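Heads up, the thing below is written out as structure tokens.
Each reported figure results from applying straightforward, stated rules to the coordinates on display, with no laboratory input. In this text the structure is predicted, and so the values were computed from the model without any measurement. For neighbour counting, all protein chains shown are included, and Cβ atoms are generated from backbone atoms with ideal geometry for every residue, glycine included.
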Amino acid sequence: MANAAPTLQFLGAAGGVTGSKFLLSIDSEQILIDCGLFQGLKELRLKNWTPVPVDLRRLRAVILTHAHIDHSGYLPRLVAKGYRGPVFATPATCDLLRVMLPDAAHLQEEEAQYANRKGYSKHSPALPLYTVADAEASLRLLQPTRNGTSVQVAKDGVLEFRRVGHILGAACARISIAVNGAVKCLLDSGDLGRYARPILKDPEPARGADWLLIESTYGNRSHPQESAAELRDIIKETAARQRCLIIPAFAIGRTQELVYTIRAMEDSGEIPPIPVYVDSPMAIEATEIYGRHSEEHDVEMAQLSDERNPLRSQRMIVAKTQEQSKAINNARGAMIIISASGMATGGRVLHHLKQRLPDPNTTVLLAGFQAEGTRGRTLQDGAKEIKMLGEVISVRAQIRVLDGFSAHADQGEILRWLGTFDKAPKKTYIVHGEPAGANGLAEAIRQRLRWNVEIAKFQQNVALA
């Protein structure tokens, strides 16, 4: 039983929205909650190369709230440095990670090779952060853990996951800690999902905790209510004017919801069926995993799956190989290209943007949050040219922004989830948000709930007492 007060250190997702890593120390043992990559600004990405202050001799477990790279993508790097302990995640998250981590490693290897061929890297040779072999080694450490099941993760630490929506398998992580004869709880929301969205069940009630980490990506705003109607109008215009619509989309979550919505609008006659290219091997495999995990589906998704495949549009074309991806360059007429990554930080979408951004007959739809320093944010802010793949590309395409398809809860939805707590936490730490989002949520919680709130700072170390 722990004697000294446990401590928590914020090693990422503090002052920003990426690189989620929270280090919980209980006496001589440590638990790492999330193990994500920094994305966006170069100064952030460089942190991925900086050693993380984790003592691998003390680290007993890694807990992953979900599969997105900013929460899981550092794991192969940690394993390459010598970690060999268990990695706890929900079964659906484990299945997604078996696709996502090798794919992320492959992309890094590919981009390093491309940079070496083109000679635009400042390092010679350019190296990947980790390899496919590192990713495969990390997968062997996965310990699938079902929602609502208690599992020992340290001598004085017990983990329980609870569903939060967001993407398939996403969960909040509740860690019960035995301290001086009493059991205390630390709860990390992970990325909190939304209510009444397609495919996935709603977030489950939180119950309560002594200390809470709450994400704040959209902590200062509300999502528009007419996102599906706006998407419908953009697709109708794309069809009528024979345009190309490019949607940078996360392979997990965003791609599936977009295709689901497009298929529903096709079936109802709201839009004409036009070719939809899904150009992401990871998204294609993730979609199959979505179909297999019926325990995560909401009632409507379960009913539709019995009638037809709701995750496939009428004229969907999947591009698994590089040759199939390159062939899209020759396609003309009305079409939709959905390709990763969602913030245009890497992946095949860069090649489509490079090809079609100079064309005024192209529309780029940014259907979700674009972090500071990403190409998606640069396009959103109205840049007339953008650097990618070693070249400066002119931007003549039309840029549209549609926040309503975000998988993150907005301020009202976060407060709704917090309303399921049976009592106020001793302390609530705001994480995973840019300053505006974090400040906005902190103020809302103080005013409406009267809770003790603090905005977490990068590398801050706090005592849980």
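Our note on the geometry: Cα centres of the stretch 242-309 and the stretch 388-460, 26 Å apart. Other residues lying with their Cβ under 14 Å from the Cβ of Asp267 contribute a combined charge of +1, Lys and Arg counting +1, Asp and Glu -1. Here the contact order of the stretch 227-405, divided by its residue count and restricted to Cα pairs under 8 Å and six or more residues apart, works out to 30 percent. Of Met388, Met282, the sequence from fewest to most neighbouring Cβ atoms within 10 angstrom is Met388, Met282.
Restricting to bridges with both residues inside the chain, how much of the DSSP beta-bridge set is antiparallel, in percent to the nearest 5? Can you show the working numbers first?
Values: 34 of 76 bridges.
The antiparallel fraction comes to roughly 45 percent.
Less than 5 angstrom separates the built amide H of Val364 from those of Ile246, Gln398, Ile399, Arg400, all sequence-distant by 5 or more or on a different chain. Restricting the trypsin sites (Lys or Arg not before Pro) of the stretch 103-166 to loop positions (DSSP other than H, G, I, E, B) with no more than 16 neighbouring Cβ atoms within 10 Å leaves Lys122, Arg140, Arg146, Lys155.
Loop-located trypsin sites (Lys or Arg not before Pro) in the stretch 27-79 (DSSP state other than H, G, I, E, B) with a sparse environment of at most 16 neighbouring Cβ atoms within 10 Å: Arg57, Arg58.
Using R₀ = 56 Å, calculate the FRET efficiency as 1/(1 + (r/R₀)^6) where r is the Cβ-Cβ separation of Thr321 and Thr420; round to 0.05. Don't skip to the answer; put the middle values down first.
Working: r = 46 Å, r/R0 = 0.82.
So, using R0 = 56 Å, E works out to roughly 0.75.
The simple Förster model, with R0 at 56 Å and r as the Cβ-Cβ distance, assigns Ser124 and Ala331 a FRET efficiency of 0.90.
Straightening the chain between Asn452 and Arg292 buys 53.5 nm, computed as 0.36 nm per residue apart minus the Cα-Cα spacing.
Evaluate Rg over Rh across the stretch 88-128, taking Cα atoms for both radii and Kirkwood's formula for Rh. Each step should come with its number before you reach the end.
Working: Rg = 14.3 Å, Rh = 11.5 Å.
Looking at the stretch 88-128, the ratio lands at 1.24.
The label point for Ser394 and the one for Glu270, both projected 7 Å from the Cα toward the Cβ, are 3.7 nm apart. Considering helices alone, the calculated mean residue ellipticity of the chain at 222 nm is -9000 deg cm²/dmol, with DSSP H runs of length four and up weighted by -39500 (n - 2.57) and normalised per residue. Please go through the stretch 368-406 and write out the trypsin sites (Lys or Arg not before Pro) that DSSP classes as loop and that have at most 10 other C-beta atoms within 10 Å. Sites meeting the loop and neighbour criteria: Lys384. Taking θ as phi - 60° and the Karplus parameters 6.51, -1.76 and 1.60, the scalar couplings of the stretch 332-342 work out to 10, x, 5, 6, 10, 10, 10, 8, 8, 9, x Hz in sequence order, x denoting glycine and proline.
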